[in-house]
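Peer 1: Here it is: the structure, laid out below.
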Amino acid sequence: MPTFSNSLEVRIRLRLLQAVRRGASWGRVNNPPLRGLEEAETREDPTLPLGRGALKSLMRLLVEVLHDRGAWCDVSTVRDSKRIADRVKHEGISFLTITLPNFGQDLQRALDQGYVDPSLFKGYPRREGLPQFLGGFLDLVFDRASGRLLNRPSVDSIQAMRQISLMFAKMDLPCSEKRTSDALQKYIECESDVRDWDKMWEEGNSSLNPQQVGLHDQFARLATILWDEPLQRLDREIYAGDLVPKHGPGATAERLLGNQKYNQREWTSRLEYLFPHGEYLAPSWRYFRDLDDVNIREPGSERPVRVITVPKTLKTPRIIAIEPTCMQYTQQAILERLVLHLGRSNHPSSWMIGFDDQEVNHLMAHRGSLSGDLATLDLSEASDRVSNQLVRLLTHHWRHLHEALDATRSRKADVPGHGVIRLSKYASMGSALCFPIEAMVFATIIFCGIERKLNRRLTLDDIKSFQGQVRVYGDDIIVPVDFVSSVITALEDFGLLVNRGKSFWTGRFRESCGKEYFDGSDVSIFRVRRKFPTSRKDVPELISLISLRNQAYQFGYWRVAGFLDKEIRTLIRYFPNVLESSSILGRWTCLGFDAEYEHPDLQIPLVKGYVVSVELPESNLEDSGALLKFFLKRGEDPFLDEKHLERYGRPKSVRTKLRKACPY
């Protein structure tokens, strides 16, 4: 019978053996049912769309996590549960999503520096040097009298505390109006900082310290060494007009959806030089007469990006900028070729920056936690602090790419509550080119810091010698510990902001791209993304709950998985055992899959369960727009959906259907 991979089975058996040796039991008397927590009269936060019933569901889940890890680590969690009940009673959901995650962040800082200092764990009463909250777990990691890290701290306790404290940190819930307003104000202030930074460098402000003088020239020189080969290829393709544009799946500033984008009738005069609308908006010049109604906007009348907020954490939302259709369309053309050339295996860029493979960052973070030779750095407001002047300096050596990036960049933003402002940053999150361009900027600055530390000019061979030691994936940065100080200084000299609370290089804790390690052990966690569903009709919440259950099982939280099994079965009748590859919404388990039926023709096993069904919005496309869509298609295979000219775009609704399907 097919089962999970051997590695998962071995890990599960090993944990069971460890539990038996420690004498752990799921029914320990020191972890009785926590009536105090389940019966707590919780306050509903009037600023959040989360009722009392939903909050109690989250608290019951936390109870199970406490039970599970308490038994696993042989720690009593009764008092911890009561403290949580009291805090939630007075603070509501914000305790789970804001206050409790602060505890987890302080824990990570203590692990990195090797001790608990008085500035950490504020708001939690102490007994001697450590907080009383989660005290049983803390005693397995730190010495209570001195607060120092034990010689052999319990990795299980570290993972347990991170799971308990950080589990609700990134729930998909909207922030209060005040927090949203504060985030938008911070966006404006960040823009002002970038503008001031540009002005300082342009005027040669006397506030520049001796190390900053000449930094621009150093940046330009290293950019030429680092990116010459891939950008030279791209520059030639832009000159030859070989780029093929593409519409992305996201929203646009003018709110064109689905197939409507192929009939766009707005362009800019800045795009005309390299991307003439006659070539890019029509399938061929034969249809040029259909473009008589195209509005060519001059620089002063260009449509600004539309700034919006989306859920990130309840402490602050994420701010993104929705690009105009013509900008997004041409940005995708550059993006496709840029990523291709940067990924060529014979150039340092192939190992230096990543776009779709986070595994390299995970392996390097694991190595850094074990050997201590690699540091993981995190940047705050990374996209919004990359100056356009810095990007222009980055690409000054390649004329046509330089012009293409400038032409496809939006210059203004419509910010709610602040009106239309002119942008000094290159692009906010939402631009197709934001991610790769910022990665190239960060990598160049990193080598500025390394060169400063070595006190000599770097050659291409010098840069190649850092393979396996330098990596940039978005705002997740990995550098050698020996160069951390000079790299951080260089990043800050260029106006960037290093989040020292999420950057690690002193101790044995490392974090990169959603994976965390301590002393070579994986202490990553699973997260609750949505509130619990109340019926099968709450499809996004139901899918999220099933995913949560399966993640808990894979992490070895079997008691939690059992609790969620019961919750799910109150919502859906069929919840069979399946493998990860199955389309059925089911239980992942190392015991194999259920096989209740057999396909009459294919002789493959079938199981009855629920599958996700999406309904695409109506979006009719015909004539020249349909022909343009055909010519823009990548590859020789036909479109997967034969009705893509009738329905297209992001799903307008998601449902579940009961059917028989393969369990693997």
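The values are calculated or read from the model by the stated rules, or taken from the named source; none is laboratory data. Remember, it's a predicted structure, so these values are computed and weren't measured experimentally. Cβ: placed from backbone, ideal geometry, glycine included. Neighbour counts: every protein chain shown.
Peer 1: Which residue out of Arg286, Arg270, Arg303, Arg297 is among the basic types (Lys, Arg) and farther than 30 Å from Arg399 by Cβ? Steps first, please.
Peer 2: Numbers: Arg270 fails: farther than 30 Å from Arg399 by Cβ; Arg303 fails: farther than 30 Å from Arg399 by Cβ; Arg297 fails: farther than 30 Å from Arg399 by Cβ.
Checking each option against the conditions leaves just Arg286.
Peer 1: Separate question: Can you pull out the residues in region 530-543 that are crowded, with 18+ Cβ neighbours inside 10 Å and not hydrophobic (A, V, I, L, M, F, W, C)?
Peer 2: Arg530, Lys531, Pro533, Glu541, listed by residue number.
Peer 1: Please tell me if Leu591 is in the same structural domain as Phe639 (by TED's automatic domain parsing), at pLDDT below 95 and in a strand (DSSP E or B).
Peer 2: no
Peer 1: Another question about this same structure. Would you please name the residue that is nearest to Thr395 (Cα to Cα), looking only at residues in region 306-348 that are of a type in the set (Lys, Arg) and within 24 Å of the chain's Cα centre (by Cα)?
Peer 2: Filtering region 306-348 for residues that are of a type in the set (Lys, Arg) and within 24 Å of the chain's Cα centre (by Cα), the one nearest to Thr395 (Cα to Cα) comes out as Arg337.
Peer 1: On the given criteria, is Phe168 modelled with pLDDT of 95 or more, under 22 Å from Asp86 (Cβ atoms) and in a loop (DSSP other than H, G, I, E, B)? Don't jump to the end; show me each part of the working.
Peer 2: Values: modelled with pLDDT of 95 or more: yes; under 22 Å from Asp86 (Cβ atoms): yes; in a loop (DSSP other than H, G, I, E, B): yes.
Here the answer is yes, as Phe168 does meet what is asked.
Peer 1: Given the residues Arg109, Arg126, Arg87, which is the only one that is touching a Ser or Thr at 6+ places or on another chain (Cβ under 8 Å) and surrounded by 15 or more Cβ atoms within 10 Å (Cβ to Cβ)?
Peer 2: Checking each option against the conditions leaves just Arg87.
Peer 1: Take Arg385 and tell me if it is touching a residue at least 24 places away in the same chain (Cβ under 8 Å) and surrounded by fewer than 16 Cβ atoms within 10 Å (Cβ to Cβ).
Peer 2: No, not satisfied.
Peer 1: Among the residues in region 288-303, are any out of contact with any strand residue (DSSP E or B) (no Cβ under 6 Å at 6 or more places or on another chain) and crowded, with 19+ Cβ neighbours inside 10 Å?
Peer 2: The answer is yes; a qualifying residue exists.
Peer 1: Select from region 484-505 the residues that are under 12 Å from Gln113 (Cα atoms) and modelled with pLDDT of 95 or more and list them in ascending order.
Peer 2: Of everything in region 484-505, those that are under 12 Å from Gln113 (Cα atoms) and modelled with pLDDT of 95 or more turn out to be Ser503, Phe504, Trp505.
Peer 1: Residue check: is Leu602 more than 34 Å from the chain's Cα centre (by Cα), assigned to a strand (DSSP E or B) and without any contact (Cβ under 8 Å) to a residue 60 or more places away in the chain?
Peer 2: no
Peer 1: Go through (1) within 21 Å of the chain's Cα centre (by Cα); (2) within 23 Å of Glu492 (Cβ to Cβ); (3) part of a helix (DSSP H, G or I) and name the single condition Leu393 misses.
Peer 2: Evaluating Leu393 over (1) within 21 Å of the chain's Cα centre (by Cα); (2) within 23 Å of Glu492 (Cβ to Cβ); (3) part of a helix (DSSP H, G or I) leaves (1) as the failure.
Peer 1: If Leu645 meets every condition in (1) in a loop (DSSP other than H, G, I, E, B); (2) surrounded by fewer than 16 Cβ atoms within 10 Å (Cβ to Cβ) apart from one, which number is that one?
Peer 2: Of everything listed in (1) in a loop (DSSP other than H, G, I, E, B); (2) surrounded by fewer than 16 Cβ atoms within 10 Å (Cβ to Cβ), Leu645 misses just condition (2).
Peer 1: Another question, then. From the set of residues in region 385-430 that are hydroxyl-bearing (Ser, Thr, Tyr) and at pLDDT 95 or above, which is nearest to Ile334 (Cα to Cα)?
Peer 2: Per the criteria, the residue is Thr408.
Peer 1: Scan region 243-262 residue by residue and report those that are of a type in the set (A, V, I, L, M, F, W, C) and touching a helix residue (DSSP H, G or I) at 6+ places or on another chain (Cβ under 8 Å). Talk me through it step by step, then tell me what you get.
Peer 2: To start, the set of residues in region 243-262 that are of a type in the set (A, V, I, L, M, F, W, C) comprises 243-244, 251, 253, 256-257.
Within region 243-262, Leu243, Val244, Ala253, Leu256 qualify.
Peer 1: Restricting to region 648-664, and then to whatever is touching a residue at least 60 places away in the same chain (Cβ under 8 Å) and over 30 Å from Phe593 (Cβ atoms), can you tell me which residue is farthest from the chain's Cα centre (by Cα)?
Peer 2: At the first step, the residues of region 648-664 found to be touching a residue at least 60 places away in the same chain (Cβ under 8 Å) are 648-650, 654-656, 658, 660-664.
From the residues that got through so far, the ones that are over 30 Å from Phe593 (Cβ atoms) too are 648-650.
On the way: Tyr648: 26, Gly649: 23, Arg650: 20 Å.
Taking the candidates together, the pick is Tyr648.
Peer 1: Let me confirm something: among Gly368, Gly372, which residue is closer than 24 Å to Ser485 by Cβ and out of contact with any Ser or Thr (no Cβ under 8 Å at 6 or more places or on another chain)? Lay out the reasoning, then the answer.
Peer 2: Values: Gly368 fails: out of contact with any Ser or Thr (no Cβ under 8 Å at 6 or more places or on another chain).
Gly372 is the lone residue from the list that is closer than 24 Å to Ser485 by Cβ and out of contact with any Ser or Thr (no Cβ under 8 Å at 6 or more places or on another chain).
Peer 1: Hey, any hits in region 522-535 for a residue that's part of a strand (DSSP E or B) and of a type in the set (A, V, I, L, M, F, W, C)?
Peer 2: Taking every residue of region 522-535 in turn, none turns out to be part of a strand (DSSP E or B) and of a type in the set (A, V, I, L, M, F, W, C).
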